[in-house]
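Each reported figure results from applying straightforward, stated rules to the coordinates on display, with no laboratory input. Computed from a predicted model, the values in this text were never measured in an experiment. As a convention, Cβ positions derive from the backbone with ideal geometry for all residues, glycine included, and neighbour counts pool all protein chains shown.
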Amino acid sequence: MSLDKLKGKVWKVGADIDTDVIIAARYLNRSDGEYLATHCLEVLIPEITTKVKPGDILVAGKNFGCGSSREHAPLALQYAGFSCIIAESFARIFYRNAINIGLPVLVAPEAVREIKEGSIIEVDPSTGIIDDVTNNKSYQGEAFPAFMLEILKSGGAIPYVKEKVKKRV
């Protein structure tokens, strides 16, 4: 995966969005991303999967991804087309699950408060800079530690480990 700038339309959700709202437990009998994406956030935003365009960006309030530790939640969001999630804060296990599948997640409270639904934003995951193209304003999100950037650049934890093993052989 390239960690070039990500550009897309903003979809906003509130605070304390739990993993059951992201992908309901009744759909967890399968784990393929394409299937999960068809039910992503469907209770919160009906027909969202027919509206999201690849590259769009989800902006959320505090404690995004709380609830169970299911890795299906970030996978559903990624396959639905979201290139990045920006939130005031994330549940820790959701945050790591997202990084582990190669989905950038940025903590940026000021951006969340000010960016409007439907705005076009550009995110640089390497620096944490968020540019609101629609309103000509920039925000600084929390930058990733170097090792997390490497995991994201590899496309997730499994490809990262495979690359490391390949280099040692």
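Sequentially through the stretch 164-169, phi angles give Karplus couplings (6.51, -1.76, 1.60; θ = phi - 60°) of 5, 5, 4, 5, 7, 7 Hz, Gly and Pro residues having no value and appearing as x.
When the listed pairs 5/51; 53/167; 5/166 are checked against a 25 Å cut-off, the alpha-carbon distance exceeds it for 53/167; 5/166.
Distance between the pseudo-spin-label points of residue 26 and residue 47 (7 Å out from Cα toward the beta carbon): 2.0 nm.
Please figure out what share of the DSSP beta bridges in the stretch 13-169 is antiparallel and state it in percent, rounded to the nearest 5.
Of all bridge pairs located within the stretch 13-169, approximately 45 percent are antiparallel.
Placing +1 on the Cβ of every Lys and Arg and -1 on the Cβ of every Asp and Glu, with no other charges, gives the chain a dipole of roughly 580 debye about its Cα centre. With K and R counted +1 and D and E -1, the other residues having a Cβ less than 10 Å from that of residue 109 yield a net charge of -2. Ranking 22, 80, 126 by how far each Cα lies toward the positive end of the dipole of the chain (charges on Cβ) leaves 126 at the top.
Take the Cβ-Cβ distance between residue 18 and residue 165 as r, set R0 to 30 Å, and report the resulting FRET efficiency rounded to the nearest 0.05.
Approximately 0.25, to the nearest 0.05.
Select from 160, 138, 93 the residue farthest towards the positive end of the dipole of the chain; place +1 on Cβ of Lys and Arg, -1 on Cβ of Asp and Glu, and compute about the Cα centre. So the residue we want is 160. The separation of the stretch 25-49 from the stretch 137-158, counted between C-alpha centres, amounts to 26 Å. Taking Cβ atoms as reference points and 10 Å as the exclusive limit, the residues near residue 61 contribute a net charge of +1, counting Lys and Arg as +1 and Asp and Glu as -1.
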